[in-house]
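Read through the structure below, which is laid out as structure tokens, and then see the notes.
The values are calculated or read from the model by the stated rules, or taken from the named source; none is laboratory data. Here the structure is a predicted model, which means the values were calculated and not measured. Because the Cβ atoms are built from the backbone with ideal geometry, glycine has one as well, and the counts that use them run over all protein chains shown. Accessible surface is based on the protein model in full, side chains and every heavy atom, while ligands, DNA and RNA are left aside. Shrake-Rupley method; radii C 1.70, N 1.55, O 1.52, S 1.80 Å.
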Amino acid sequence: MKPQGLRTVIYPVEELEEATSWWSALLDQQPYFNEPFYVGFEVGGDELGLLPGANVDDGAQAYWGVDDVEASVREAVAHGAEVIAPPADVGGGIVTALVRTPHGAHLGLIFNPNHPG
């Protein structure tokens, strides 16, 4: 697995509209993607996402860019990780997955064909 750098940070939120308003004011911009299931802001070429219904106690989730999410998940599992969310196309050819490292940390993996990096 060769991470290309951080691509996305997703914040779980309880009140999506309130969180969207707060982040919009803080970032001085409106989200480029705003749906009831996810809100996304473009920040410096990367994604700041808001995810309603996720466990806020889990904290923010970072996703590392990779060329092949499925192969990266297989490699992580071979090194003792456990799959939390298997690779899935979340729209627009963007593929994500989430694994738990042997030490309990969450590791997000993402392939985004639209990312400039």
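Oblate is the label for region 30-71, because the ratio a/c of its alpha-carbon gyration tensor axes (a ≥ b ≥ c) is 1.5 or higher and a/b is not greater than b/c.
Would you calculate, for the chain, the mean residue ellipticity at 222 nm contributed by helices, counting each DSSP H stretch of 4 or more residues as -39,500 (n - 2.57) and dividing by all residues, to the nearest 500? Could the numbers behind the result be given before it?
Numbers: 2 runs with 22 residues, N = 117.
For the chain, the value works out to -5500 deg cm²/dmol.
Per residue, region 9-117 exposes 59 Å² of accessible surface when a 1.4 Å probe is rolled over the protein heavy atoms with every protein chain present. The distance from the alpha carbon centre of region 71-117 to that of region 1-44 is 19 Å, rounded to a whole number.
Calculate what fraction, in whole %, of the accessible area of the chain sits on carbon and sulfur atoms when a 1.4 Å probe is rolled over the protein chains.
53
Start at zero, step by 10 Å, and the Cα-Cα distances of the chain spread as 14, 45, 33, 9, 0 percent across the bins.
Taking a Cβ cut-off of under 12 Å around Phe41, the surrounding Lys, Arg, Asp and Glu residues balance to a net charge of -4, with basic ones at +1 and acidic ones at -1.
Compute the signed sum of charges (Lys and Arg +1, Asp and Glu -1) over the other residues within less than 14 Å, Cβ to Cβ, of Gly65.
Local charge sum for Gly65: -2.
Hey, what angle do you get for helix 16-27 against the long axis of the chain, alpha-carbon based, 0 to 90 degrees rounded to 10? With both axes taken from Cα atoms, the answer is about 80 degrees.
Is the shape of region 59-105 best called rounded, prolate or oblate, per the rule: a/c under 1.5 gives rounded, else a/b larger than b/c gives prolate, else oblate, with a ≥ b ≥ c the square roots of the Cα gyration tensor eigenvalues? Can you show the working numbers first?
Details: a/c = 2.12, a/b = 1.40, b/c = 1.52.
Oblate is the answer for region 59-105, as a/c is 1.5 or above yet b/c matches or exceeds a/b.
Using Cα atoms only, what is the angle between the long axis of helix 69-78 and the major principal axis of the chain, expressed in degrees (0 to 90) to the nearest 10? For helix 69-78, the angle is close to 50 degrees.
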